[in-house]
Amino acid sequence: MEPNWKPLVDKLGEERCAGFMFMGRVNGINLYKHGIARKCLNLDDSGQCYVCHEKWRFEKADFDVQLEKLEAVLAQLGETLKTVYDASYIEQKKKALQRAGIPYERIEIQPKDASLN
């Protein structure tokens, strides 16, 4: 599946998408997870925002409210939406966790287009 970055880039601008990973698409909703904040922004192709509840139940949400929540987490970590989440950042995080005695394991999965009924 090809990542669809357009809805997120349209909302944030390319520079502020640096920390996101495209997690896939469910029922027409693109799932974007911020690698540092570990919070998601879920947008359909027109940019409507959704929050995901248990059992993949999506509900319309206010984009600005969801963005504020994500930015608050980033601020607590001393980061911003412009902070790049790349191999260098991940390696830095891994070393910090190891120094703290916390085991680190990373699993990478290729997303698929999915419809859940």
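The values are calculated or read from the model by the stated rules, or taken from the named source; none is laboratory data. This is a predicted model, so every value here is computed, not measured. Note that each Cβ is placed from the backbone with ideal geometry, even for glycine, and that neighbours are counted across all protein chains shown. What goes into the accessible areas is simple: the full protein's heavy atoms, side chains included, and nothing from ligands, DNA or RNA. Shrake-Rupley method; radii C 1.70, N 1.55, O 1.52, S 1.80 Å.
Some notes on this structure:
- Residue selected from the range 1-12 under the condition at pLDDT 95 or above and open to solvent by 30 Å² or more (accessible area, probe 1.4 Å), by the criterion nearest to V65 (Cα to Cα): K11
- Only one entry of Y50, Y85 meets the criterion of being among the hydroxyl-bearing types (S, T, Y) and either over 25 Å from N27 (Cβ atoms) or at pLDDT below 95 (or both), and that entry is Y85.
- Considered as a group, the residues in the range 32-43 that are open to solvent by 30 Å² or more (accessible area, probe 1.4 Å) and part of a loop (DSSP other than H, G, I, E, B) include one that is farthest from A96 (Cα to Cα), and that residue is K39.
- Annotation: of all residues in the range 44-103 being small (G, A, S) and within 22 Å of W5 (Cβ to Cβ), the one that is surrounded by the most Cβ atoms within 10 Å (Cβ to Cβ) is A61.
- Filter pass, I29 being among the aliphatic types (A, V, I, L, M), under 14 Å from Y85 (Cβ atoms), in contact (Cβ under 8 Å) with a residue 24 or more places away in the chain and crowded, with 16+ Cβ neighbours inside 10 Å: no
- Residues located in the range 1-31, provided they are over 14 Å from the mean Cα position of the chain (by Cα) and assigned to a strand (DSSP E or B): V26
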